[in-house]
Amino acid sequence: MTAPLLEVRNLSKTFGGLKAVSEVSFTMNKGEILALLGPNGAGKTTAFNMIAGFLQPTEGQILFEGRDITGGKPWDLCREGIARTFQLSRPFSDLTVLENLMVGGFARSSDIGLIRSRAAEIAEFLGMGRQIDIEVQHLTAFDRRKLELGRALSTRPTLLLMDEVVAGATPAEAQEMVALVRKIRDTGVSILIVEHVMKVIMALSERVIVMESGRLIADGKPHDVVAQPDVLKAYFGEQYVATRA
Ligand SMILES: Nc1ncnc2c1ncn2[C@@H]1O[C@H](COP(=O)(O)OP(=O)(O)OP(=O)(O)O)[C@@H](O)[C@H]1O
Ligand SMILES: [Mg+2]
């Protein structure tokens, strides 16, 4: 049997007295789009930060393609094939779109010509081919989101962690993002996505996991999971679930 792409075992992170992530375990297979749901403060970004090496776990293990990567640094994990987008994107505003897309390329190569042509390919892939010479500060919020995604893609990941890339998008933009995420998966990239917009989750993922107060409370098919009392309670409160019963 081949190892899962990602295996998270009993992962915990404590900040002072707060257990932001508490004994979370799940696996993810190659080619999967797995959605991570949960109300504000559930620990989703903290879990991402540990998987991508931005935070050291307090306890637990992370295995990537069967290898233990627990405690690895972001630049090492990036070379292993893990990339992430940030919930708050921080592009280099006075650089152009192309230049921003070149930055990640240096993780893979030192050949500037090659890095430039790959960056241009990514811009085309994002539908931003005509914007490559624009300084990022002049882009719309949504184009900046797409660029954030492109910056992650420029490191050529096999696992992409996406943290709320649809936040603040119009319905048309959300639809465009859904199409883009599918297109990325079709190139062989597996995707773990944090998203609050249910329509986006339903359109993209065959499986979802749900966190609440640091714990994993559900793992299954989207339609089944959103009907579970625990999940409804996490989102809408005890009273809502009681009135439905
Ligand atoms: N560096 C930190 N130091 C202290 N507490 C933190 C730190 N990072 C996160 N937390 C706390 O850990 C908990 C989980 O935060 P996290 O950002 O992971 O939640 P989230 O599920 O991503 O929420 P959101 O949907 O709002 O993005 C919160 O209570 C948060 O305040
Ligand atoms: Mg978050």
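The values are calculated or read from the model by the stated rules, or taken from the named source; none is laboratory data. Keep in mind that this is a model prediction, so the values were computed, not measured. Neighbour counts are summed over all protein chains in view; Cβ atoms, including those assigned to glycine, are modelled from backbone coordinates with ideal geometry. Accessible surface is based on the protein model in full, side chains and every heavy atom, while ligands, DNA and RNA are left aside. Shrake-Rupley method; radii C 1.70, N 1.55, O 1.52, S 1.80 Å.
The table below gives the values:
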| read-out | value |
| --- | --- |
| Average Cα contact separation per residue, the stretch 91-156, under 8 Å, 6 or more apart, as relative contact order % | 51 |
| Gain on full stretching of the segment that runs from ASP230 to ASP133 - 0.36 nm per residue minus C-alpha separation | 30.0 nm |
| Cα-centred dipole magnitude for the chain, charges only on beta-carbon of K, R (+1) and D, E (-1), debye, nearest 20 | 100 |
| Value of relative contact order over the chain, rounded to a whole percent, pairs C-alpha under 8 Å and six or more apart | 25 |
| Relative contact order computed over the stretch 5-150 (Cα-Cα under 8 Å; 6+ residues apart), in percent | 19 |
| Of all accessible heavy-atom area on the chain, the percent that carbon and sulfur account for (1.4 Å) | 52 |
| R0 of 22 Å, Cβ-Cβ distance ALA3-ASP219: FRET efficiency to nearest 0.05 | 0.75 |
| Part-to-part distance (alpha-carbon centres) for the stretch 73-127 and the stretch 167-227, which is given in Å | 23 |
| Average accessible surface area per residue within the chain, 1.4 Å rolling probe, Å² | 48 |
| Simple spin-label estimate for SER110 and HIS196 in nanometres, 7 Å along Cα-Cβ | 4.4 |
| Local net charge near ALA174, Cβ-Cβ under 10 Å (Lys/Arg +1, Asp/Glu -1) | -2 |
